[in-house]
Amino acid sequence: MSHSPHAASGTISQPLPTDLHSIGKLFPYLWEFRGRVLIALGLLIGAKLASVSVPLVLKEIVDALDKTQAALVLPLTLIIAYGLLRFASTTFADLRDVVFGKVTQRAMRRVSMAVFQHLHALSLRFHLERQTGGITRDIERGSKAISSLVGYLLFRITPTVLEILMVAVILFIKLDWVFGLITLMTLAAYIGFTVTITDWRTQFVRRANTLDSEAYGRAIDSLLNYETVKYFGNERYEATRYDGSLAEWERAALQSQRSLGFLNAAQAGTIAIGVTLMVIRAANGVVEGTLTLGDLVMVNAFLLQMFQPLSFLGVMYREIKQSVTDVERMFTLLHRPREVEDAAHAGTLSIRGGEVKFEHVNFSYNADRAILHDVSFTIPPGKTVAAVGASGAGKSTLARLLFRFYDVNDGSIKIDGQDIRDVTQESLRTAIGVVPQDTVLFNDSIYYNIAYGRPDATRDEVIAAARAAHILGFIEILPQGWDTVVGERGLKLSGGEKQRVAIARTLLKNPAILILDEATSALDTKTEKAIQAELLEIARSRTSLIIAHRLSTVVEADEILVIDAGRIVERGRHPELLARNGVYAMMWTMQQQAEEDKPA
């Protein structure tokens, strides 16, 4: 299915929340391990206290050695203290990462899981409009961004700013106010440049990310439709479309790169000016005798220690902005409203006989185009009702509404007297089995695909389901047997084999209500007749709704509904409808004639 690139992830048009709002959404995931968070913060503070103490001890060592009669024991003690502080600074930082590692990884896991579950909870409408590659890219980047965001924000930005403030206070107290002022002014100018320019260039980063997701989504879409591309010889066309997306991304990426160069130059200039002023001030103090050689060494050590991480502040801030952008997109997915929600009072569906009743149902996918008009019918327990009609008449919509992919606009659908809007979707869908027209299988083994009908089933139960679906013999003669991988979407199997796998897994699920939605329309006549007999057999003991285009597949139904333009225009058993000589009889005659005209 191909889609417009502007709907690449279904989220691009959504308004993005503010940076602080996005960051704030992560804290509930982090606070689950509040003990580890507090220990990590304690180790962070300990590491910074040790770090800022190093230049102070170094000053004392230099001043002690600078004396004419230096006592050997004093520098030795200070040197040992210097080494211990260095060790403590590094060790506390490493321990902090070890303690906090579980918090970050668990947050990534929980957010990814929440998005995954939410995507499965979104309506069919969303999944028909989405582009798989774009969403996959958003989730992948968003998950990685959580780790980057937490790491940079808590353990890079916060300690760096904390250290600079501590250094400014120390310089103000031990030397004079000018040193503290230069430090704070350099910090303010640096942060000001970084924030202002980075905010300006974020538009280019976001644009590049959007185009990256679109290009990736377009590539995935093309590869999923590999056969269609080959059928029409459109490899060059697809390559041109993909290259067009990459060209747009290239332009946005170049704008982002150029703005990055401008930012780096501004940051480097700010640091250079601040460092030069500080060294001039310190050297002048030593010459005038107001400062010691140890003070000069201390100032120099502080500058190296302080501006080295500060030089990465721009990188860190850019990474944070990038991570926030990625997290925003993922959280936008997470907060996309569900079209079909369980009611607050929803209970579990109780199956007594499996009666299905549609009462005056009206439905439209879009407000300007109604699909069903005042549709009412009942499927008694254990009986089979078929809905037939031309393509687009609204037949498959009945199945989608019963399965609650959508909610009706008016009227109601009840199972054993319970409105399906008043029960949980999980219990409703547990009670219903579907054999669709286009069976899509997982790129896994045949065993996995059949067992998917009830993952907790025993191997004997899976084999019994395959036997009942008349596919066991086929499986057993395969070289890899049950371990045969069916390929992407089951493409390594024929249409008939895929349908038998679908029947087997539905039999394994053992639902009370069965929906057969054009289940054999994509098969050849011989395969269709073989599978049709199997479908009728499994439908016989269940409440069944058959959606069909070929009338020959529903002649045994207890009641046939003829649908035209969303309305039931005729209903009855096959002989009754033929005798009525109406719409059904005309459809039957045309299909029989078409069968007779087929070449032998």
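The values are calculated or read from the model by the stated rules, or taken from the named source; none is laboratory data. Model, not experiment: these values are computed from the prediction. For neighbour counting, all protein chains shown are included, and Cβ atoms are generated from backbone atoms with ideal geometry for every residue, glycine included. Heavy atoms of the whole protein, side chains included, go into the accessibility calculation; ligands, DNA and RNA do not. Shrake-Rupley method; radii C 1.70, N 1.55, O 1.52, S 1.80 Å.
Test GLY481 against the stated conditions and say whether it is of a type outside the set (A, V, I, L, M), over 22 Å from GLY382 (Cα atoms) and modelled with pLDDT under 85.
For GLY481, the condition - of a type outside the set (A, V, I, L, M), over 22 Å from GLY382 (Cα atoms) and modelled with pLDDT under 85 - is not met.
How many residues are on the phi > 0 side of the Ramachandran plot and surrounded by fewer than 18 Cβ atoms within 10 Å (Cβ to Cβ) if we restrict to the stretch 401-415?
Qualifying residue count, the stretch 401-415: 1.
Is it true that THR520 is surrounded by 15 or more Cβ atoms within 10 Å (Cβ to Cβ) and modelled with pLDDT under 75?
yes
Looking at the stretch 476-488, which of its residues are without any contact (Cβ under 8 Å) to a residue 60 or more places away in the chain and open to solvent by 50 Å² or more (accessible area, probe 1.4 Å)?
GLU476, ILE477, PRO479, GLN480, ASP483, VAL485
Identify all residues within the stretch 375-396 that are within 13 Å of ALA548 (Cα to Cα) and either touching a residue at least 40 places away in the same chain (Cβ under 8 Å) or open to solvent by less than 10 Å² (accessible area, probe 1.4 Å) (or both); write none if there are none.
THR384, VAL385, ALA386, ALA387, VAL388, GLY389, ALA390, SER391, ALA393, GLY394, LYS395, SER396
Consider only pairs whose beta carbons are under 6 Å apart and that are at least six residues apart or on different chains; among these, list those whose first residue lies in the stretch 192-217 and is over 11 Å from LYS321 (Cα atoms) and whose second residue is open to solvent by 50 Å² or more (accessible area, probe 1.4 Å) and outside any helix (DSSP H, G or I).
From the stretch 192-217, the pairs are THR210/ILE12.
One residue is enough: does the stretch 254-264 have a residue meeting the conditions closer than 30 Å to MET298 by Cβ, surrounded by fewer than 18 Cβ atoms within 10 Å (Cβ to Cβ) and within 41 Å of the chain's Cα centre (by Cα)?
The answer is yes; a qualifying residue exists.
Applying the selection to the stretch 426-474, what residues are within 24 Å of ALA548 (Cα to Cα) and free of Cβ contacts under 8 Å to residues at least 40 places away in the same chain?
Selection gives ARG429, ILE471.
From the list VAL486, VAL408, which residue is among the β-branched types (Val, Ile, Thr) and closer than 24 Å to PHE377 by Cα?
Testing whether each residue is among the β-branched types (Val, Ile, Thr) and closer than 24 Å to PHE377 by Cα leaves just VAL408.
If a residue must be at pLDDT 80 or above and open to solvent by 60 Å² or more (accessible area, probe 1.4 Å), how many such residues does the stretch 80-97 contain?
8
Report every pair of residues separated by at least 6 positions or lying on different chains whose Cβ atoms are under 8 Å apart, first residue within the stretch 547-558 and within 10 Å of GLN532 (Cβ to Cβ), second at pLDDT 85 or above and hydroxyl-bearing (Ser, Thr, Tyr).
That search, which allows pairs on different chains as well, returns GLU556/THR384.
Answer yes if at least one residue in the stretch 281-292 is under 27 Å from the mean Cα position of the chain (by Cα), assigned to a helix (DSSP H, G or I), of a type in the set (Gly, Ala, Ser) and surrounded by fewer than 16 Cβ atoms within 10 Å (Cβ to Cβ), and no otherwise.
no
Yes or no: the stretch 45-58 includes at least one residue that is more than 30 Å from LEU402 (Cα to Cα), at pLDDT below 80 and not polar (S, T, N, Q).
The answer is no; no qualifying residue exists.
If you scan the stretch 460-473, which residues turn out to be more than 9 Å from ILE446 (Cβ to Cβ) and touching a helix residue (DSSP H, G or I) at 6+ places or on another chain (Cβ under 9 Å)?
GLU461, VAL462, ILE463, ALA464, ALA465, ARG467, ALA468, ALA469, HIS470, LEU472, GLY473
Hey, ALA247 hits all of (1) within 30 Å of SER323 (Cα to Cα); (2) open to solvent by 40 Å² or more (accessible area, probe 1.4 Å) but one; which does it fall short on?
The one condition ALA247 does not meet is (2).
Quick one: which residue in GLU576, GLU556, GLU537 is open to solvent by 90 Å² or more (accessible area, probe 1.4 Å), on the phi < 0 side of the Ramachandran plot and touching a helix residue (DSSP H, G or I) at 6+ places or on another chain (Cβ under 7 Å)?
GLU556
Have a look at ARG500, ARG550, ARG489 and point out the one that is at pLDDT below 85, basic (Lys, Arg) and on the phi > 0 side of the Ramachandran plot.
Among ARG500, ARG550, ARG489, only ARG489 is at pLDDT below 85, basic (Lys, Arg) and on the phi > 0 side of the Ramachandran plot.
Does LEU428 meet the test of being under 16 Å from VAL340 (Cβ atoms), touching a strand residue (DSSP E or B) at 6+ places or on another chain (Cβ under 7 Å) and either open to solvent by less than 10 Å² (accessible area, probe 1.4 Å) or among the small types (Gly, Ala, Ser) (or both)?
no
When you scan the stretch 293-305, how many residues do you find that are open to solvent by less than 40 Å² (accessible area, probe 1.4 Å) and free of Cβ contacts under 8 Å to residues at least 12 places away in the same chain?
0
For the stretch 206-222, enumerate the residues that are among the hydrophobic types (A, V, I, L, M, F, W, C) and open to solvent by 20 Å² or more (accessible area, probe 1.4 Å).
ALA219, ILE220
Could you check ASP342 against (1) open to solvent by 60 Å² or more (accessible area, probe 1.4 Å); (2) under 25 Å from LEU514 (Cβ atoms); (3) part of a strand (DSSP E or B); (4) modelled with pLDDT under 90 and say which number it fails?
For ASP342, the failing item is (3).
Go through the residues of the stretch 586-599 one by one and say whether even a single one is of a type outside the set (Gly, Ala, Ser), out of contact with any strand residue (DSSP E or B) (no Cβ under 9 Å at 6 or more places or on another chain), modelled with pLDDT of 80 or more and not in a helix (DSSP H, G or I).
no
With the requirement that a residue be open to solvent by 60 Å² or more (accessible area, probe 1.4 Å), charged (D, E, K, R) and either touching a residue at least 40 places away in the same chain (Cβ under 8 Å) or assigned to a strand (DSSP E or B) (or both), what does the stretch 358-370 give you?
Scanning the stretch 358-370 gives a single hit, ARG369.
What's the total number of residues in the stretch 440-475 that are more than 23 Å from SER541 (Cα to Cα), crowded, with 19+ Cβ neighbours inside 10 Å and modelled with pLDDT under 85?
1
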